[in-house]
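Here's the structure we're looking at; comments come further down.
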Number of protein chains: 2
Amino acid sequence: MATIYDIAKMCNVSTATVSRVLNGSDHPIHPDTRDKILDAAKKLNYRPNTIAKSLASGKTHTIALLIPTIVNDYYTQIAEAMEDELSQAGYIAYLCNTKRSVLKEAEYVENLITRQVDGVIFSPTRVKPEDNIKNLENIEELKKNKINIVAFGSRFEGISQVAVDTYKGAYNATRYLIELGHRRIGFIDGLTAGTRGNRRRGYIDALKEEGISIDDNLITGGNLDLDSGYTKGMELLNTENPPTAIFAVNNLMAIGVLKAARAMDLHVPRELSVIGFDDSILSELIEPSLTVVRQPIEEMGATAAKLLLEQLNGKEDVKTVTLQPTLIKRDSCACVY
Amino acid sequence: MATIYDIAKMCNVSTATVSRVLNGSDHPIHPDTRDKILDAAKKLNYRPNTIAKSLASGKTHTIALLIPTIVNDYYTQIAEAMEDELSQAGYIAYLCNTKRSVLKEAEYVENLITRQVDGVIFSPTRVKPEDNIKNLENIEELKKNKINIVAFGSRFEGISQVAVDTYKGAYNATRYLIELGHRRIGFIDGLTAGTRGNRRRGYIDALKEEGISIDDNLITGGNLDLDSGYTKGMELLNTENPPTAIFAVNNLMAIGVLKAARAMDLHVPRELSVIGFDDSILSELIEPSLTVVRQPIEEMGATAAKLLLEQLNGKEDVKTVTLQPTLIKRDSCACVY
DNA sequence: AAACTCAAGGTAACCGGTTACCTTGAGTTT
DNA sequence: AAACTCAAGGTAACCGGTTACCTTGAGTTT
């Protein structure tokens, strides 16, 4: 591999001059010298050694995608949008898949500091409520090492993030069901979302606004996967006074509810309306296709990347961008029977 | 940030000694010295600078995942299995999403050489047949720069790879349909797979073996997405002598066929059997659930990573590992009516 | 006692760049 | 003509490690 020393020798100049030419420095260079150096670089098939550059300059042009899983459309679509934005700006992304383990998350944080990443796009892993503490420690550790952070998926103090107005999303979904005439609306929350979670608040506020009383028997929580959607759906439907509609806080659980309905021979949407949260190809292809609250995923990814790039370009200010979800109406909801 | 110079000063030793202790070199060190250095490292909250290490040692402990897309269960599951294996061995992965563009693929190859990655796990992007040439150039370029490669998804000379016996998979799927009594079996190939593609050969051989003549009207090709599955399915079904079963060469096209059947009011599996290739949660959740040829995805990912790690540990030999697919029987196939 | 061995550590070149500061000399200003 | 300016380039320290080769002296071998 040719180095700038080889070029310098070939052109009878110093490495400083070579470096200046190759990096487009604003230090003045004679056009002849410039041409000579560029020629030599081409002739020697010179490639800059990014590692050496990083060591000398303190910038690695590297960012990390620190996310709970990649086997999931949600993260994957966000990741793609980010990667687009970042690779255009000359950055490359480390794939840091925590597999929903705060331990692995912490290990990655250590590793990333060691590797001097310029920034990280972070969606904290939170399986148990107390994981929150670890999340905060990890953020602290990154900040202490002057690594730029943009978070999404959770709210934290003092760092930039892109958020989605999930309260509004849940509110709108619930409101939509009410408009269809539903009065008994089941709600399947996530397990780690406290009772003050945005989605639950949206659900409750929409009901209250219409003077519909909150029935705790209609509110339950699952762990976000298909099976728990099925189980919780069964529980809700197997009561004396079952709901006529169910709103699940994510996609897979809503599909689980669809399965539960099928198992109980309830026709969706004629006998049961179902709404999910988060969109994916699954919601579209499932039968019946699923009405969902869609988060603007591409926009989230692109925005997170842009926020990070702003920071990397020297803007220090912490900034939260909140995006609005939209209700995608498909075939899983209908007027109450 | 503390450096080994700080530790050396604190302990009154040279940086050589510090480096030896910190890296577990086999150069003998007095236990007292070792303890002193480890203590100092802890006290100073020392973290090695991976960039400096990389420059000095020539190894970055970095590998690249160069894949056509990440918004796809297939790649995503492979990526996760790889990442597992690699992170355990102390490597970290760059996410290089080519978005099915050979241009982006070439750009990444340049970038990766520049970044001195130790290896790349490569699934070449091939949208048009002539992309193959670019793929080969990219492989050459990597090899020229002594970067280890393991490929999957396509076959190339002279590099290690993990392959799946897709011929066998297609053969078995077709055979299964024949055993169910089907004689007219439609086949939807990919567009870039030539007539000598493994899957098509498997399909044809299974038919021939049973003395069933090949009807070219039953063979067509789509571009692997849902819509083309739908369109090609409609075409096949809208003939005088339509097939009683359709085998599509990937998952989404098979689901497209399911849609086509629904559009034509054909009951699956009673009036039409459908088989797909590649498994995913979609195939399981779609109604009816889809019988598919499943590639052993986790095993592929893990194997690719292991092959690469072997190379990184000094084994030079090119090795191809071929894995067997399995037929996952679900609800989309039945005896011919 | 001379020769040898080896534990324990040090010296300094090297990996491939960047950049603050310095030098030189031709052209311009006063 | 002295003082100044600035284009064009060079010097050398620095980023933070690794490692081949050398040194020293205590213990062992003959």
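The values are calculated or read from the model by the stated rules, or taken from the named source; none is laboratory data. Because the structure is predicted, anything quoted here is derived from the model rather than measured. Glycine gets a Cβ as well: all are built from the backbone with ideal geometry, and neighbour counts include every protein chain shown.
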_One residue from B:Glu85, B:Glu137, B:Glu110 being over 19 Å from the mean Cα position of the chain (by Cα), among the acidic types (Asp, Glu) and more than 8 Å from every other protein chain (Cβ to nearest Cβ)_ = B:Glu137
*Contacts under 6 angstrom Cβ, first residue in region B:59-71 being more than 8 Å from chain A (Cβ to nearest Cβ), partner surrounded by fewer than 18 Cβ atoms within 10 Å (Cβ to Cβ), 6 or more apart*: B:His61/B:Gly90; B:Pro68/B:Arg100
*Any idea which of (1) more than 23 Å from A:Glu298 (Cα to Cα); (2) more than 9 Å from every other protein chain (Cβ to nearest Cβ) is the one B:Thr125 doesn't satisfy?*
(1)
*Counting only residues that are within 14 Å of chain A (Cβ to nearest Cβ) and under 40 Å from the mean Cα position of the chain (by Cα), how many does region B:24-44 have?*
0
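Please verify whether A:Ala2 is within 13 Å of another protein chain (Cβ to nearest Cβ), within 11 Å of DNA strand C (Cβ to nearest atom) and without any contact (Cβ under 8 Å) to a residue 12 or more places away in the chain, treating the condition exactly as stated.
Taking the combined requirement at face value, the residue does not satisfy it.
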*How many residues are crowded, with 20+ Cβ neighbours inside 10 Å and either out of contact with any Lys or Arg (no Cβ under 9 Å at 6 or more places or on another chain) or aliphatic (A, V, I, L, M) (or both) if we restrict to region A:312-337?*
3
*List, please: which pairs have Cβ atoms under 9 Å, are six or more places apart or on different chains, and start with a residue in region B:210-229 that is not assigned by TED's automatic domain parsing to the domain that holds B:Phe187 and end with one that is surrounded by fewer than 19 Cβ atoms within 10 Å (Cβ to Cβ)?*
none
*Residue count, region A:279-323 (criterion: closer than 25 Å to B:Glu287 by Cβ and away from chain B (no Cβ under 14 Å))*: 4
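Mind checking whether some residue in region A:297-307 is under 26 Å from B:Gly256 (Cα atoms) and in contact with a Phe, Trp or Tyr (Cβ under 6 Å, 6 or more places away or on another chain)?
no
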*Near pairs, Cβ below 9 angstrom, 6+ apart or cross-chain, from region B:5-27 (without any contact (Cβ under 8 Å) to a residue 12 or more places away in the chain and within 8 Å of DNA strand C (Cβ to nearest atom)) to any residue that is among the aliphatic types (A, V, I, L, M) and not in a helix (DSSP H, G or I)*: B:Arg20/B:Ile29
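Table: residues versus (1) in the same structural domain as B:Lys315 (by TED's automatic domain parsing); (2) in contact (Cβ under 8 Å) with a residue 12 or more places away in the chain; (3) of a type in the set (Val, Ile, Thr); (4) within 19 Å of B:Ile159 (Cβ to Cβ).
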{"position": "B:Gln77", "(1), (2), (3), (4)": "yes, yes, no, no"}
{"position": "B:Ala93", "(1), (2), (3), (4)": "yes, yes, no, yes"}
{"position": "B:Glu107", "(1), (2), (3), (4)": "yes, no, no, no"}
{"position": "B:Thr125", "(1), (2), (3), (4)": "yes, yes, yes, yes"}
{"position": "B:Asp131", "(1), (2), (3), (4)": "yes, yes, no, yes"}
{"position": "B:Ile139", "(1), (2), (3), (4)": "yes, yes, yes, yes"}
*Close pairs from region B:236-247: first within 13 Å of B:Arg183 (Cβ to Cβ), partner hydroxyl-bearing (Ser, Thr, Tyr), Cβ under 8 Å, at least 6 apart*: B:Thr244/B:Ser273; B:Thr244/B:Tyr337; B:Ala245/B:Ser273
*Here is a list of conditions, (1) more than 16 Å from DNA strand C (Cβ to nearest atom); (2) away from every other protein chain (no Cβ under 11 Å), and A:Tyr75 meets all of them except one; can you say which number that is?*
(2)
*Kindly indicate which of B:Leu252, B:Leu258 is within 14 Å of another protein chain (Cβ to nearest Cβ) and touching an Asp or Glu at 6+ places or on another chain (Cβ under 6 Å).*
B:Leu252
*A:Ala248 passes all but one of (1) at pLDDT 95 or above; (2) farther than 23 Å from A:Gln295 by Cα; which number fails?*
(2)
*asked:* Going by what's in this entry, would B:Arg155 be described as more than 20 Å from B:Ala261 (Cβ to Cβ) and at pLDDT below 95?
replied: yes
*Residues that are in contact with a helix residue (DSSP H, G or I) (Cβ under 6 Å, 6 or more places away or on another chain) and either within 12 Å of DNA strand C (Cβ to nearest atom) or assigned to a helix (DSSP H, G or I) (or both), drawn from region B:30-59*: B:Arg34, B:Lys36, B:Ile37, B:Ala40, B:Ala41, B:Thr50, B:Ile51, B:Ala52, B:Ser54, B:Leu55
_Hey, B:Pro68 modelled with pLDDT under 95 and either of a type outside the set (Asp, Glu) or more than 16 Å from DNA strand D (Cβ to nearest atom) (or both) or not_ = yes
*Give A:Lys42, A:Lys36 a once-over and let me know the one that is more than 10 Å from DNA strand D (Cβ to nearest atom), not polar (S, T, N, Q) and not assigned by TED's automatic domain parsing to the domain that holds A:Asn138.*
A:Lys42
